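A quick write-up on the structure given underneath.
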Amino acid sequence: MSKDAIARARAAFKTEEHQQALQILEAALAQSPNDPDLNCEVAIVFCFLQREDEAANLLDRAVGAERFGELAQILNRYAHCRKLMAARLKVDDAKGRAIAEKVSKFAIEPVGECGIKLSACLIVKNEERHLERCLRSIANHVDEIVVVDTGSTDSTIEIARSFDAKIGFFKWCDDFSAARNESLRMATGNWVLWIDADEEVDPRSWTAIAEGLIRPQFGGYYVRILNLMDKEGRQQYVHTPVRIFQRLPEVHFEGRVHEQVLQCFDQLGMPSATLRNVTLNHYGYAPEDMQEKRKIDRTVGMLEREVDESPEDSFHWFNLANAYSVAKRPEDAVRAARKCIEFIHERNAFGSLAYQILASGLNATGRSEEALEATEASRKLNFFTILNQFERALALLQLARFDQALEAIDECLAMEWPEGLTGDYGIFRHKRHAIKGQILSELGRLEEALAYLEVSLGVDPQFAPANFAKGLTLERLGRVDEAIAFIEASSKHEDFAQPATKTLGRIALQQGDFRKAAACFKQAWEARPSELDCWVAWTQILEQAGTPADAIEAYEAYARVKEPNCELLINWGRALAETGDNDGALRRYGEAIEQDPANPNSYFNTGDLLYRLGAYVDSAEAYEFGLRLQPDNAEGWFVLGNAFAQMGVLDGARTAYRQTLTLQPSHQKAQYNLALVSTEAEAAA
């Protein structure tokens, strides 16, 4: 019974399911309370649940167990480091002394290379903008600062020296791990804080960090990185990598980009834990930093090399998918996410985000049905979190399945942000509220919609989806002037510039402001030339309320991005003719005829213009071509008659007028002209 329980508990422990391991062991211990092996296994699990005092209380019962020496050594090293920390902090640690006393009763090995010395390790290049803030946040809390420079040309080195940093130099070789391993080589601490120049340690973190340094049973600690995506800190992205770890001979960074040390501790059999209440604030994703350093392009290029070299590594594919998503390349993000999922393992912590990147890319490219399939797949593989539920609600909204979308977003609003989850923290803070506002607005529950949208905007007043949705909701409530202000605010965001401008054009048209409406539709079409409805609206306004010159500008703009069709060329020719550019008009009509020789309008418009220019022979020829294609066009026969009359071909004129009257007996001008040419013909006879 005890052997089976121990085997099952060890299996759970191996997958870092420590609480489950404890439950298995405690159930067995209730049946055999004096079993040394069970007591020892429980005590070891206690150590990894950071309940070392309870583990020490089980030492007497664990004597003789197979792993007793391991338990005693864990507690001995813990007591030693705890004593060092108490001395550093100058505190009286009665609990630590009690644990040390219990451990001292047993013959155990020396603690060895074990301590609390902390080295902060950085690699830098041209970081004068950020470095001082970073070093100031750690200077009074770490034992040494190691800075490895990869080619700075600014004041980075001088700033590092002002903090008494140990300076090293490394020739950049397009490999982050290589540079970071140089910083490890220079470090002397028992522990390493891996930090970047554009990060800082939140000052409230140091108590928890101190508690981590006294637990050498852990290989390293997951630390919350809060990526501040804008200056105000409204847009936040969190991830939780191992950033504090023991400096051991076997530990090194791996990976050209998005480098890691975690795999080393997996190979050593040393678990890692999460350090709660520790946060590193990261400022490097602010737009100005991304642009200045071309971080996205650089990262994408390096990751593409990684997947070329390791095409079955799901972590590399995940990082590439994430980079494509940040670079706003949704099609590429979808492709890379699918490759990541192809090789993903059930224990991969990035599984939920990989599926969200996939669903987000599908939603962004209008494939919301596929996005729903992706969210359901994440559920089947136990990767389903608030991230995936958010994408599910968004997909249902885009599919206009509003009742289902409302149910989905309510489920999302009831979900928490689990510890260690990597992703857009704004989903939890305010973005899900914006989605519910949009859904309620579509359902006609406008006042409720405004309430949720205001919650979202209370967190981030610049959040474009919420501003746009609030503008549409206010418009539906008849509060158009207020609506315009929110729609204009959303138009400042590149993802909403086109739909917001298009909406402003529609509102201006309804208000009779044709000039503004035309300008808005023009801008909206130029942003997305594939949306011809904007171009059509622009040109229709110009044709009704503008000038021919304005219309010509629209036609020329269209021709720069797409080949004009026959009808567009005809309208373009008419506008040119109105401005007196007859040669230009005839060229457009000629292009229309070449493009569609079966379209009679091309010939009729050509004939009309030639008639006005006095080129009656050419005009008659154009009309004859047109009438072969459309012989029931009464007006066409009438103008052909006029051309013959101008040429003195009276029989031809009479034939054309008679055909006009056959088709349209009430055509008064044809009646008059027929009588006139008949009289002329009789007189000539």
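Within segment 586-609, the set of residues being over 20 Å from LEU640 (Cβ atoms) and open to solvent by less than 30 Å² (accessible area, probe 1.4 Å) is empty. Test GLU312 against the criterion of being part of a loop (DSSP other than H, G, I, E, B), acidic (Asp, Glu) and either open to solvent by 50 Å² or more (accessible area, probe 1.4 Å) or out of contact with any Cys (no Cβ under 8 Å at 6 or more places or on another chain) (or both), and give yes or no. Here the answer is yes, as GLU312 does meet what is asked. Number of residues in segment 275-286 that are open to solvent by 40 Å² or more (accessible area, probe 1.4 Å) and either over 22 Å from the mean Cα position of the chain (by Cα) or touching a residue at least 60 places away in the same chain (Cβ under 8 Å) (or both): the value is 3. Tell me which residues, restricted to segment 65-93, are in contact with a helix residue (DSSP H, G or I) (Cβ under 9 Å, 6 or more places away or on another chain), open to solvent by 60 Å² or more (accessible area, probe 1.4 Å) and outside any helix (DSSP H, G or I). GLU66, VAL91, ASP92, listed by residue number.
Selection over segment 422-474 of residues that are open to solvent by 30 Å² or more (accessible area, probe 1.4 Å) and of a type in the set (Gly, Ala, Ser) gives a count of 3. Just one of the listed residues (GLN260, GLN246) is among the polar types (S, T, N, Q) and modelled with pLDDT of 95 or more, namely GLN246. Among the residues in segment 623-630, are any of a type outside the set (A, V, I, L, M, F, W, C), under 60 Å from the mean Cα position of the chain (by Cα) and outside any helix (DSSP H, G or I)? The answer is yes; a qualifying residue exists. So for segment 191-203 (the condition being open to solvent by 50 Å² or more (accessible area, probe 1.4 Å), of a type in the set (Val, Ile, Thr) and assigned to a loop (DSSP other than H, G, I, E, B)), does at least one residue qualify? So far as segment 191-203 goes, no, none of its residues is open to solvent by 50 Å² or more (accessible area, probe 1.4 Å), of a type in the set (Val, Ile, Thr) and assigned to a loop (DSSP other than H, G, I, E, B). Kindly indicate whether GLN246 is crowded, with 21+ Cβ neighbours inside 10 Å, without any contact (Cβ under 8 Å) to a residue 60 or more places away in the chain and not small (Gly, Ala, Ser). The answer is yes for GLN246.
Consider segment 1-10 and keep the residues that are in a helix (DSSP H, G or I) and more than 26 Å from LYS102 (Cβ to Cβ). The one that is most open to solvent (accessible area, probe 1.4 Å) is LYS3.
Going residue by residue through segment 130-138, is there one that turns out to be assigned to a loop (DSSP other than H, G, I, E, B), touching a Gly at 6+ places or on another chain (Cβ under 9 Å), free of Cβ contacts under 8 Å to residues at least 60 places away in the same chain and surrounded by 17 or more Cβ atoms within 10 Å (Cβ to Cβ)? Scanning segment 130-138, I find no residue that is assigned to a loop (DSSP other than H, G, I, E, B), touching a Gly at 6+ places or on another chain (Cβ under 9 Å), free of Cβ contacts under 8 Å to residues at least 60 places away in the same chain and surrounded by 17 or more Cβ atoms within 10 Å (Cβ to Cβ), so the answer is no. Of all residues in segment 42-55, at least one satisfies being assigned to a helix (DSSP H, G or I) and touching a Pro at 6+ places or on another chain (Cβ under 7 Å).
Residues that are at negative phi, free of Cβ contacts under 8 Å to residues at least 12 places away in the same chain and of a type outside the set (Asp, Glu) within segment 471-499 comprise just one, ARG479. Look at GLY96 and say whether it is on the phi > 0 side of the Ramachandran plot, free of Cβ contacts under 8 Å to residues at least 40 places away in the same chain and open to solvent by less than 80 Å² (accessible area, probe 1.4 Å). Here the answer is no, as GLY96 does not meet what is asked.
Taking the criterion of being within 21 Å of GLY284 (Cβ to Cβ) and touching a Gly at 6+ places or on another chain (Cβ under 6 Å), the residues of segment 139-175 that qualify are VAL148, TRP172. Taking residues in segment 500-511 that are closer than 12 Å to LEU472 by Cα, and partners anywhere that are of a type in the set (Ser, Thr, Tyr) and open to solvent by less than 60 Å² (accessible area, probe 1.4 Å), the pairs with Cβ atoms closer than 8 Å and at least 6 places apart or on different chains are ALA500/SER490; ALA500/SER491; LEU504/SER491. Residue count for segment 171-190 satisfying the condition of being in a loop (DSSP other than H, G, I, E, B) and either surrounded by fewer than 19 Cβ atoms within 10 Å (Cβ to Cβ) or among the hydroxyl-bearing types (Ser, Thr, Tyr) (or both): 6.
Pairing residues of segment 651-666 that are of a type in the set (S, T, N, Q) with residues that are open to solvent by 30 Å² or more (accessible area, probe 1.4 Å), at Cβ distances under 7 Å and at least 6 apart in sequence or on separate chains, gives GLN659/TRP637; THR660/TRP637. Scanning segment 139-149 for residues that are in contact with a strand residue (DSSP E or B) (Cβ under 6 Å, 6 or more places away or on another chain) and surrounded by fewer than 19 Cβ atoms within 10 Å (Cβ to Cβ) yields a count of 2.
Is it true that ASP297 is under 21 Å from TYR237 (Cα atoms), surrounded by fewer than 20 Cβ atoms within 10 Å (Cβ to Cβ) and out of contact with any helix residue (DSSP H, G or I) (no Cβ under 8 Å at 6 or more places or on another chain)? Yes.
The set of residues in segment 378-421 being in a helix (DSSP H, G or I) and open to solvent by 30 Å² or more (accessible area, probe 1.4 Å) consists of ARG379, LYS380, ARG392, LEU394, GLN398, PHE402, ASP403, GLN404, GLU407, ASP410, GLU411, LEU413. Just one of the listed residues (ALA359, ALA354, ALA323) is touching a helix residue (DSSP H, G or I) at 6+ places or on another chain (Cβ under 9 Å), at pLDDT below 95 and in a helix (DSSP H, G or I), namely ALA323. Checking each residue in segment 645-679 for being under 20 Å from TYR611 (Cβ atoms) and either among the aromatic types (Phe, Trp, Tyr) or open to solvent by 90 Å² or more (accessible area, probe 1.4 Å) (or both) picks out GLN646, ASP651, TYR657, ARG658, GLN668, LYS669, TYR672. When you check GLY212 against the structure, is it part of a helix (DSSP H, G or I), open to solvent by less than 10 Å² (accessible area, probe 1.4 Å) and under 30 Å from PHE48 (Cα atoms), yes or no? Considered against the rule, which asks whether it is part of a helix (DSSP H, G or I), open to solvent by less than 10 Å² (accessible area, probe 1.4 Å) and under 30 Å from PHE48 (Cα atoms), GLY212 comes out as yes. For segment 11-23, the set of residues classified as touching a helix residue (DSSP H, G or I) at 6+ places or on another chain (Cβ under 7 Å) and either open to solvent by 20 Å² or more (accessible area, probe 1.4 Å) or touching a residue at least 24 places away in the same chain (Cβ under 8 Å) (or both) consists of PHE13, HIS18, GLN20, ALA21, LEU22, listed by residue number.
Residue count for segment 99-124 under the criterion of being open to solvent by less than 10 Å² (accessible area, probe 1.4 Å) and either farther than 19 Å from PHE245 by Cβ or of a type in the set (Phe, Trp, Tyr) (or both): the result is 3.
The values are calculated or read from the model by the stated rules, or taken from the named source; none is laboratory data. None of the values given here were measured: they were computed from a predicted structure. Cβ atoms come from the backbone with ideal geometry, glycine included; neighbour counts cover every protein chain shown. The protein model used for the area step is the full one, side chains on, heavy atoms only, and it has no ligands, DNA or RNA in it. Shrake-Rupley method; radii C 1.70, N 1.55, O 1.52, S 1.80 Å.
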